[in-house]
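This report refers to the structure that appears directly beneath it.
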């Protein structure tokens with residue numbers, strides 16, 4: 001008996017992430033995506049970007065071609081099914097719970113980039129980052145998967161969109 005057309009069209013099962021090597025994390029979105037890549041020891045962020053979805057996919061493909069990523073951690077929120085289908089044939093993939101990442105990322109943003117000037121005077125709960133923080137959300141997703149925080153060197157340029 002041949003498989004049904006629906007079964008034949010189903011996406012491939014994602015491969016499990018390797019135990020070591022550099023990983024990327026993607027916070028998917030409709031208009032912009034946060035994308036980070038860590039070092040092979042999984043201790044430090046090497047790249048932090050905010051890109052349009054097609055640019056994010058192109059960057060992941062470039063990193064894969066360079067051997068700069070061994071797998072991808074993907075937030076399970078908006079658009080994750082679409083991204084899972086696109087990424088599963090390329091790289092090992094792990095979905096991570098995105099719950100509360102926006103609020104956590106806002107706090108983490110100020111840890112990574114301490115407020116300056118008049119922003120120092122605002123109570124922490126009233127501070128809004130001066131730029132999109134999708135890259136910080138992607139970093140949080142990767143940290144959730146790894147179970148430990150990643151350092152971000154001061155020399156790493158801030159992501160911009």
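The values are calculated or read from the model by the stated rules, or taken from the named source; none is laboratory data. This is a predicted model, so every value here is computed, not measured. All Cβ positions, even for glycine, are placed from backbone atoms using ideal geometry, and neighbour counts span all protein chains on display.
Here residue 85 fulfils each of the conditions (1) crowded, with 18+ Cβ neighbours inside 10 Å; (2) more than 26 Å from residue 153 (Cα to Cα) apart from (1). The residue of the stretch 91-111 that is farthest from residue 128 (Cα to Cα), among those that are in contact with a helix residue (DSSP H, G or I) (Cβ under 9 Å, 6 or more places away or on another chain) and exposed (fewer than 15 other Cβ atoms within 10 Å of the Cβ), is 97. Selection within the stretch 137-159: residues that are crowded, with 19+ Cβ neighbours inside 10 Å and out of contact with any strand residue (DSSP E or B) (no Cβ under 7 Å at 6 or more places or on another chain). The member of this set that is nearest to residue 110 (Cα to Cα) is 140.
Got a sec? Which of 11, 40, 5 is modelled with pLDDT under 85 and surrounded by 12 or more Cβ atoms within 10 Å (Cβ to Cβ)? None of the other options fit; the residue is 11. Within the stretch 30-39, the set of residues being assigned to a loop (DSSP other than H, G, I, E, B) and touching a strand residue (DSSP E or B) at 6+ places or on another chain (Cβ under 9 Å) comprises 32, 39.
For (1) within 27 Å of residue 20 (Cα to Cα); (2) within 14 Å of the chain's Cα centre (by Cα); (3) touching a residue at least 12 places away in the same chain (Cβ under 8 Å), each residue gets a yes or a no:
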position	(1), (2), (3)
78	no, yes, yes
87	yes, yes, yes
98	yes, yes, yes
113	no, no, yes
